[in-house]
1. How many of the residues in segment 43-66 are among the hydrophobic types (A, V, I, L, M, F, W, C), open to solvent by less than 80 Å² (accessible area, probe 1.4 Å) and more than 30 Å from I84 (Cα to Cα)?
2. Quick one: is D40 among the acidic types (D, E) and surrounded by 10 or more Cβ atoms within 10 Å (Cβ to Cβ)?
3. Being in contact (Cβ under 8 Å) with a residue 12 or more places away in the chain and not polar (S, T, N, Q) narrows it down to one residue among V83, V32; which is it?
4. When you look at A4, is it in a helix (DSSP H, G or I) and of a type in the set (A, V, I, L, M), yes or no?
5. Output the number of the condition that A69 fails; it satisfies all remaining conditions of (1) aliphatic (A, V, I, L, M); (2) at pLDDT 95 or above; (3) open to solvent by less than 80 Å² (accessible area, probe 1.4 Å).
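The values are calculated or read from the model by the stated rules, or taken from the named source; none is laboratory data. Here the structure is a predicted model, which is why all the values come from computation and not from measurement. We place every Cβ from the backbone using ideal geometry, glycine too, and count neighbours over all the protein chains shown. Just the protein is used for accessible areas: all its heavy atoms, side chains included, with ligands, DNA and RNA removed. Shrake-Rupley method; radii C 1.70, N 1.55, O 1.52, S 1.80 Å.
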Amino acid sequence: MSDARTPAQIEADIITRREQLAVVLDEIGVRVHPDTIMGDMKAKAAEAVDRTAGRAFVAVNRAVSDVKAQFVSEDGAPRLERVIPAALLAVGVVGLVVASKRRRKG
C-alpha cells in the first residue's frame, strides 16, 4: 500500500479544511462582535447584582430572625420581659423627638 494521495484526495482535504476554517471564523466573528461582548458583560453584571442581592436578603433575613427571637419565644408568645422595656424606650425616644421639635418652633 502506498501512502501517496491522489490529487482528488488532496483537493477534497483542502475543501474540507476550508469549510472547517469558515466555521471557526464564523464562531470567532460572533464571539468578538460588540453585541455579543455587551451581552456577556450585561449577563455578568446581572449575575453579580443577583448574587449580591441574594446575600443581602439572607443577611437581612437572618438579622430580622435574630431580633424577632429576642422578643418572641420559640412557641410564638411575646417575651413581655423584653417587649415592655423596648416599647417604653421607643415611646421615650419619640417623646424626646417631639419635645425637641416643639422647642425649635416655640
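1. The qualifying residues number 6.
2. Values: among the acidic types (D, E): yes; surrounded by 10 or more Cβ atoms within 10 Å (Cβ to Cβ): yes.
It is true that D40 is among the acidic types (D, E) and surrounded by 10 or more Cβ atoms within 10 Å (Cβ to Cβ).
3. Residue meeting the stated conditions: V83.
4. When the stated conditions are applied, A4 does not pass them.
5. So A69 meets the others, but not (2).
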